[in-house]
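K.L.:
Structure provided below as structure tokens; questions to follow.
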Amino acid sequence: MKTSMQISRYQSSLHLHLVPYSGQEDTLKIMSVTHEIDGVLLHMAGPDRSEGNWIGQHEILKQLLACWLVLDPKDMPLTPRLVGTPGIGKTTLAISGARVRQQSLYIYQCTADTRPEDLLVTPVISEKGKIAYHASPLVTAMIQGGICVLDEGNRMNEKSWASLAPLLDHRRYVESIVAGISIPAHPDFRCAVTMNDDESTFEIPDYILSRLQPTLTLGHPNREDERAILRYHLPFSDLEMLDLTVEFLQQAHELKLNFSTRDGINMLRYALKRLHGDSEHPLSKDAAWRESLVNCLGEEALDLNRLSEQRTRTLGGDVVSMGLGDFFFNPEDPLHPDFGQEIDDDDDDMDDDEFDSIDDDEDDE
């Protein structure tokens, strides 16, 4: 909680430029917010205003909120990792947590080419030719006491993570080399990092992982929750097509296939558009749904059992041993050390059969 001294200290350094929003006299629109540190004026980023209604899986939301609690003046909030397959709802979970705490939310999208200055403060040439320093969503959340979500954090390289090391431990500050300032975090600042559970990511160093604790793993929702999620996002959907989509997703979850709730939402949304897109030649519900399935998830999604078997073999279910020559030559290459071995084996079997027949003839004589 903020003390009156903390509130006055932070409000005194914030400069708000407000103008009435057109058509609404009582509503104010924030045009720009600046904050000054050691004589350097920082232009703040705007908060994220996305809706985040978390449906089902209440335990994982309680775990996230527990990470952000502070029980004693000597206590510190935790920065959890939200881990799961793409489209499972990691960012929505963090948004919902921020809404429950009634704090401003800022989201930074991490990428493979994210630089430390992108994470912190970026210099921009203004119209007058002067340098203006723009704070990232992360730094804005630090200054204003909001919540920042580092989305897809394991796509970011180690150099960028290193710039956040002092923020993620008891020091709770960052240093901007570009602006030449040290930026302390507001006592109410909270953070979470989402990470996709796939192979297209960087390996995060151990000294950073030790600061991102605990790990909260999201699983796929059950049938009732998944139906409620689709119904929430597509309240206008046909119930028959909605149930068909839920059945497909639940079967995919049981077979350990990475088709997510987001896939189901997009697939159902497209099917509904196709169903109502051509009034002169309307598609049937089954045709629209099947076309949407193929166009959104691929033809292999038509047979989930077969796709599951293929994935199992790919992951090592049926592994064929490889020799040294397999790394240098195609199996059909005459230079391959084992080229023709299968034929020779067949010839050997044939020769053995011939010898057996000869032996039989001799016995008969």
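The values are calculated or read from the model by the stated rules, or taken from the named source; none is laboratory data. Since the model is a prediction, treat every value here as computed from it, not as a measurement. Cβ placement follows ideal geometry from the backbone for every residue including glycine, while neighbour counts extend to all protein chains displayed. Note: areas computed on protein heavy atoms with side chains; ligands, DNA, RNA excluded. Shrake-Rupley method; radii C 1.70, N 1.55, O 1.52, S 1.80 Å.
K.L.:
Would you check if there is a residue in region 56-73 being at pLDDT below 95 and among the aliphatic types (A, V, I, L, M)?
P.N.:
Scanning region 56-73 turns up no residue that is at pLDDT below 95 and among the aliphatic types (A, V, I, L, M).
K.L.:
Out of region 203-219, which residues are part of a strand (DSSP E or B) and of a type in the set (A, V, I, L, M)?
P.N.:
First, the residues of region 203-219 that are part of a strand (DSSP E or B): 215-217.
Listed by number, the list holds a single entry, LEU216.
K.L.:
For region 176-195, what are the residues that are more than 25 Å from LEU69 (Cα to Cα) and either at pLDDT below 95 or crowded, with 16+ Cβ neighbours inside 10 Å (or both)? I'd like the intermediate steps shown before the answer.
P.N.:
Here is the first cut: in region 176-195, the residues more than 25 Å from LEU69 (Cα to Cα) are 176-182.
Within region 176-195, SER176, ILE177, VAL178, ALA179, GLY180, ILE181 qualify.
K.L.:
Something else about it: Any residue in region 99-115 that is closer than 17 Å to ILE143 by Cβ sitting within a Cβ distance under 7 Å of a residue that is in a loop (DSSP other than H, G, I, E, B) and of a type in the set (Ser, Thr, Tyr)? List the pairs, counting only those 6 or more apart or interchain.
P.N.:
Listed pairs, sorted by first residue: TYR108/SER136.
K.L.:
Can you pull out every residue in region 99-139 that is crowded, with 18+ Cβ neighbours inside 10 Å and not hydroxyl-bearing (Ser, Thr, Tyr)?
P.N.:
GLN103, LEU105, ILE107, CYS110, PRO116, LEU119, LEU120, VAL121, ALA135, PRO137, LEU138, VAL139
K.L.:
Here's something else I'd like to know. Can you tell which of GLY153, GLY145 is in contact with a Lys or Arg (Cβ under 8 Å, 6 or more places away or on another chain), crowded, with 16+ Cβ neighbours inside 10 Å, closer than 30 Å to GLY180 by Cβ and at pLDDT below 95?
P.N.:
GLY153
K.L.:
Please specify each residue of region 196-228 satisfying the condition of being open to solvent by less than 30 Å² (accessible area, probe 1.4 Å) and of a type in the set (A, V, I, L, M, F, W, C). Can you show your working first?
P.N.:
To start, the set of residues in region 196-228 that are open to solvent by less than 30 Å² (accessible area, probe 1.4 Å) comprises 196, 204-205, 208, 212, 216, 218, 221, 226.
The answer is ILE204, ILE208, LEU212, LEU216, LEU218.
K.L.:
Moving on. Checking ASN266 against (1) farther than 30 Å from MET76 by Cα; (2) open to solvent by 50 Å² or more (accessible area, probe 1.4 Å); (3) among the polar types (S, T, N, Q); (4) not in a helix (DSSP H, G or I), only one condition comes out false. Which one?
P.N.:
Single failed check for ASN266: (4).
K.L.:
Does region 269-291 include one or more residues that are modelled with pLDDT under 90, among the polar types (S, T, N, Q), open to solvent by less than 100 Å² (accessible area, probe 1.4 Å) and closer than 30 Å to HIS233 by Cβ? Walk me through it before giving the result.
P.N.:
As a first pass, look at region 269-291 and keep what is modelled with pLDDT under 90: 275-284.
Right, trim to among the polar types (S, T, N, Q) and you get 279, 284.
Imposing the further condition that a residue be open to solvent by less than 100 Å² (accessible area, probe 1.4 Å) reduces the set to 284.
Next, from what is left, pick out any that are closer than 30 Å to HIS233 by Cβ: 284.
Yes, because at least one residue in region 269-291 is modelled with pLDDT under 90, among the polar types (S, T, N, Q), open to solvent by less than 100 Å² (accessible area, probe 1.4 Å) and closer than 30 Å to HIS233 by Cβ.
K.L.:
Pick from region 181-212 the residues that are among the hydroxyl-bearing types (Ser, Thr, Tyr) and over 19 Å from the mean Cα position of the chain (by Cα): which of them is nearest to LEU119 (Cα to Cα)?
P.N.:
Going through region 181-212, the residues among the hydroxyl-bearing types (Ser, Thr, Tyr) turn out to be 182, 194, 200-201, 207, 210.
In the following step, the residues that additionally are over 19 Å from the mean Cα position of the chain (by Cα) were identified as 182, 207, 210.
Details: SER182: 14, TYR207: 19, SER210: 20 Å.
Top of the filtered list is SER182.
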